[in-house]
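Heads up: the structure comes next, in structure tokens.
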Amino acid sequence: MNLRSLAFKLQAALVARGRIIKIDQRQVWFEEAGRMITKYILREGGEKRLETFKIVDVVRFLAEELGDTS
């Protein structure tokens, strides 16, 4: 299982527990690399909870949030 699919499974588990966390993915130009990269922004209730360029940070955040709701 790749990290992106794991992030979506964790998001679905949180939704099942009543926590609506949206994952927004945007592509931005990364000058140093000379290419487009994906930026992940997690929001809950309109409030920005996390902004990162690494999917592993998204998975880690969602896993911690899932552990807090148990």
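Each reported figure results from applying straightforward, stated rules to the coordinates on display, with no laboratory input. None of these values were measured; they are calculated from a predicted model. We place every Cβ from the backbone using ideal geometry, glycine too, and count neighbours over all the protein chains shown.
With θ taken as phi - 60° and the Karplus curve 6.51 cos²θ - 1.76 cosθ + 1.60 applied, the whole-hertz 3J(HN,Hα) list for region 3-13 is 5, 5, 5, 5, 4, 5, 5, 5, 4, 5, 5 Hz, x standing for glycine and proline. The simple Förster model, with R0 at 25 Å and r as the Cβ-Cβ distance, assigns T38 and R17 a FRET efficiency of 0.40.
Would you mind calculating the relative contact order of the chain from Cα pairs under 8 angstrom and at least 6 residues apart, reporting the percent as a whole number?
Values: 88 pairs, mean separation 21.1, N = 70.
Value for the chain: 30 percent.
A Cβ-based charge dipole, computed about the Cα centre of region 3-69 with Lys and Arg at +1 and Asp and Glu at -1, lands at about 240 debye.
In the chain, the calculated helix contribution to ellipticity at 222 nm averages -13500 deg cm²/dmol per residue, counting -39,500 (n - 2.57) for every DSSP H run with n ≥ 4. Remark: spin-label model distance E47-S5 equals 3.3 nm, labels positioned 7 Å along the Cα→Cβ axis.
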